[in-house]
Structures are given as structure tokens and as C-alpha cells.
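Mind having a look at this structure? Questions to follow.
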Amino acid sequence: MNHPVEILGFAREAAWLPWAVQYFFLIGISTAAFFLSLPGLVWRLPAWQGIGRRALLAALVCGLTAPVALLADLHQPGRFLNFYLHPNLGSWMAWGSFFIPLYLIGLLLYAWLCLRPQLAALAERGGQLSAVYRRLAYGGHDSPGAIRAAAAVAALGALLILLYTGMEVMVVEARPLWHTSLLPLLFAVSAVSGGLGMVGLFEALIGRGAAAPLLNRWQERSQWLTLGLLAAWLLLAVSGLAASPADALAAMRGSLGWLLSAAWLLGTTALTLWLAHNRRDSLLWPALLALHGAWLVRWMVFMGGQNIPKMGASTHIYALSLSPDSVLGIVGMAGLCLTVYIILTSIIPWGDRAEA
């Protein structure tokens, strides 16, 4: 007796486009870089003071550009305003619309307080912008207590952003690759490695190689944590202790694309770990590989996670195209980051000392 078998396949375009990858990548790096600035700018540890200034620069560059990618992913500003006009407090995404301004306001206030003495010194030198520097300095006093207060506000916002960016993806039960408690941890740890990479890249651009051993030591730790989380996910998937990882692994089985992507991620992480451990004085390559690894994690989770069908038997492959929502958007966001970097470094020197 023959039994008919019906195979369902629904073709649907990806709902979360590369804009989302760029937003989660940039906002994660910004929050991580902010935390990296604290030892030097708040606690005034000598070994971290120069690193702290470049970390603050990285936090500003990525923090100011990340919301642009978020607005682009929403396709129109009205959707963002709707979070405030009709808040849904049961949604992590809606809570994020309150966490982002909290973090950015705290970050800008913290940056201004840290830079006030330098702005005053620049005003004293004279020049065409001396009046602007003098107004921005607002007296130019070094106020450790105010810096600590602003840092506390920004730290609260940063922690909430790290929480919500992981949780808003994790709660989607229909996506087996997303629905795991390890995802917020993976996003946070990879954000730290990306933040270290961005600070290392800025250090390399200004030729400050003395920071390499310290940054690589922390980079090594973050890469070990990344490998540990990936191994934990694989263990849960293979053992069947968690349903979603097991379903995701079953959907990936036999796919050459997923095999190559996983090998690339593991290879990138292992190479970054090896360089950070064995090439302590190297800055550029560990930094670039760490940034690539942090971006790759988000690309595989977002774009790869949407390839796995929520129902049916067919996969939904996303292909890059020369459109504003794809390659042009990625290049455009890189150009925007570069533009903000050029503007900030043109207005304010970011050397090791505030008076540099």
C-alpha cells in the first residue's frame, strides 16, 4: 500500500537584512570599547590611559553610526517613532528603543567630560577653532566625580544593550539557530573581541605598538571564551539536551555551505587565538581577524539563521546583490564609519596624553 508524502516548501525573502548584521556588529563593538576605556579614563590606570583614549574613539565612531544601520533596517523613520508612540513593553525590541538613547546620551556626556581638559588646552593654543573649543570646554576642568557618574549611566545603557540585542534574537522560537540561551553570551563575548580588535586597529593606525601585549592578552581570553561557547552549543546539539540546537544541526546536516561557514569561523577564531598568544607584539592582523570573526558570527546567526526553514523542507538561500540593502549598504556603512573617524580625529588629537 502506497502512502503519499506531502513536502511543503515556502519561498520567502529574509526579513532581517544585512543592515541588522551591521547594527548588531557596530553597537556591540561600541559598548565593548566603552568598557575598555574605563580602566584608563575612570580608574586612571597608567597602562590603560592611552588605550582608554582610543577605546573612547572607537566607542564614539561605532556608537554614532550604529543607529543609522538600525533605521535603515526599519526602512522608514516612522517605524522607529512607533516604538515611542505605541510602546509594547512585552517586546525586547521595544525596550531597545529606550536603551539605545540611554547609552548614547551617557556615552556622549562621558566623552565630553573626559575631553574637556584637552578642549581647553586646544582653545589656549589659538587658531580658527579656538572659540569653538573654548565653548565646548566650558571651563575645561577635570571632574573625576562627574566622569564616574556619566560612566555609570553609560555602563548601565551598555549592559542593557548587550542584554537586549541577545534576547530579542533568542526569544524567536521559530528560528532553531536563534532560540538558545547561549546566543546572548556569544554576542557579548564576540562583541568584546570585536571591541578589542577595533581598539587594536586604531592603535595600529597611529603606530602605538606598545599596547599590543596588553590587548592581545585580553584578545586571547575572548577567543577562548568564543571557542568554549561554540563547543557548548555543539554539545547541546549533538546530545539532544536542547531541542533548538538539535533542530538547527539537523537542518544543517549535509549542507556544504554550512560546513564551509563553520570551518571558516572556527579557523578564523583559532588563527586569532594563535596570533594573540604567539605574536604578542602584533597589532594589525589580530585586530582585523577579531573584527572579521565578530562580524562573521552575526552574519551566520542572522542571515544563516533565516536560511533554515521555520516550517517545510526547503531552505531559503540569501544572495548578496548590488543594492542598498546588500553590498552597497555594507560598503556605505564602512564609509560612514571612516567619515566619522576622520572628523573626530581631525578635530581632536587622540594621542596618549590629553594635552597631546
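The values are calculated or read from the model by the stated rules, or taken from the named source; none is laboratory data. Owing to the predicted nature of the structure, the values given are computational and were not obtained by experimental measurement. As a convention, Cβ positions derive from the backbone with ideal geometry for all residues, glycine included, and neighbour counts pool all protein chains shown. Calculation scope for accessible area: heavy atoms of the full protein, side chains included, ligands and nucleic acids excluded. Shrake-Rupley method; radii C 1.70, N 1.55, O 1.52, S 1.80 Å.
So, of the residues in the range 115-139 that are open to solvent by 50 Å² or more (accessible area, probe 1.4 Å) and outside any helix (DSSP H, G or I), which turns out to be modelled with the lowest pLDDT?
Here the answer is G127.
Anything in the range 63-98 that is in a loop (DSSP other than H, G, I, E, B), of a type outside the set (S, T, Y) and surrounded by 13 or more Cβ atoms within 10 Å (Cβ to Cβ)? List them, or say none.
Correct list: P87 only.
Test A151 against the criterion of being part of a helix (DSSP H, G or I), open to solvent by less than 60 Å² (accessible area, probe 1.4 Å) and either of a type in the set (V, I, T) or closer than 30 Å to L185 by Cα (or both), and give yes or no.
yes
Of L129, L107, which residue is in contact (Cβ under 8 Å) with a residue 60 or more places away in the chain and farther than 27 Å from A66 by Cα?
Only one candidate passes the filter, namely L129.
Return a yes/no flag: does the range 238-245 have any residue that is open to solvent by 80 Å² or more (accessible area, probe 1.4 Å), without any contact (Cβ under 8 Å) to a residue 60 or more places away in the chain and farther than 26 Å from F202 by Cβ.
The answer is yes; a qualifying residue exists.
Here is a yes/no grid of residues against (1) free of Cβ contacts under 8 Å to residues at least 40 places away in the same chain; (2) on the phi > 0 side of the Ramachandran plot; (3) not in a helix (DSSP H, G or I):
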position	(1), (2), (3)
L113	yes, no, no
H141	yes, no, yes
A146	yes, no, no
A155	no, no, no
E168	no, no, no
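G254 passes all but one of (1) free of Cβ contacts under 8 Å to residues at least 40 places away in the same chain; (2) part of a helix (DSSP H, G or I); (3) open to solvent by 40 Å² or more (accessible area, probe 1.4 Å); which number fails?
Just one mismatch for G254, condition (2).
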